[in-house]
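Below: the structure, in C-alpha cells.
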Amino acid sequence: MDPRPGPGTRQPDRQGDRSLNAIAIETATRPGSVAVQGNRGRRVENLSSHSTQARELLPTVQRLSSEVGTTVQQVSDVFVGTGPGSYTGLRVGIATALGLAYATGATLRAVPSFEALAFDSLKPTEEGFIAWNARAQRFYFARYLRTEEDVACLVPPRIVRGSQLRELLKESLPIFGDATVVEAAELNADIAERLREDVFPSAGGVLALGPRRERRSLDEVEPLYLREFGA
C-alpha cells in the first residue's frame, strides 16, 4: 500500500517567505504534487495519479492559487523539481513550469527533488541517505545534511548497483527510499530497519527551497536523469 496521503490530501503547512506569489511543481515520483503560495498562505496538494497528472497540473495550480488569494497571472516565481525520477513525470512537470514562467514572466528556479525530500525529512544538523530504485538492478544514492534553512549535498545523486548500495548504507544514518529497495537491493535487516518508506519528494519542499536556488533561463532547466532513456 502506498503510504502517502491520498489524492487531494493537504500536506502540512511549512513556514517560508510569504511575500512570494509562487508555484512549485514536483513530479519526479508518483503521483506528483503542486504547491502554491499567495496572500493567504500556502497550499500543497497531491495529484491523483501518475497517468493523469499532465491533465491535472494546470487546473490544480489555478484552483490552489484562488484558494490562497492570488492568480496564475500574478505569480512572481515558479519552482520545479528536477529529479532524478520518472522520465515522463519530470518532462511533464518541467514543461508545465516552463510554460508558466514563459506566459507570466515569472522567475524560474530548479530544485533537485532529493534536496526537497531531504529538507522535509531530516531535522536541522541531521544527515541522511536517499536510496531509490532506478530499476534494471540500479539504484539512486545520495547523502545530505539538513541545515537550519536549507540542505547541503554531501554526495550528489548517482547510480549504483546493489552491492555498492549495501556498502554505502552501512553507516548508521536514516535512509529514505521507496518500498521496493529492500528486496531489490537485498538489504540486510539492520539497514532495512533504518529505511523510511513513507516520505517522498514533495512540492512543499520545492517551494521551501526554491527562493534559495539560482534563477534559471528557460533553456537551462533539464531533468536530472542519471541513466540512459530506455535503459
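Every number in this text was worked out from the coordinates using simple rules, so none of it is lab data. In this text the structure is predicted, and so the values were computed from the model without any measurement. Neighbour counts run over all protein chains shown; Cβ positions are idealised from the backbone, glycine included.
Worth a mention:
- Measuring nothing but alpha carbons in the chain and taking Rh as the Kirkwood radius, the Rg to Rh ratio lands at 0.96.
- Relative contact order [Cα under 8 Å, 6+ residues apart], the chain, whole percent: 22 percent
- Here is how the number arises for the chain: DSSP H runs of 4 or more residues each give -39500 (n - 2.57), the sum is divided by the residue count, and the result at 222 nm is -8000 deg cm²/dmol.
- Shape category assigned to the range 182-231 from the gyration tensor of Cα positions, a/c cut at 1.5: oblate
- Within a Gaussian network of the chain (alpha carbon springs, distance under 10 Å), most fluctuating of T52, T96, T82: T52
- Counting neighbouring beta carbons within 10 Å and listing from fewest to most, the residues I23, I130 come out as I130, I23.
- Within the listed set D190, D150, D219, the Gaussian network model of the chain (springs between alpha-carbon atoms below 10 Å) gives the highest mean-square fluctuation for D219.
- The chain: most fluctuating residue of L154, L195, L209 per GNM, C-alpha cutoff 10 Å: L154
- Percent breakdown of C-alpha pair distances by 5 Å bin, ordered from the shortest bin, for the range 123-196: 4, 17, 30, 25, 14, 8, 2, 0
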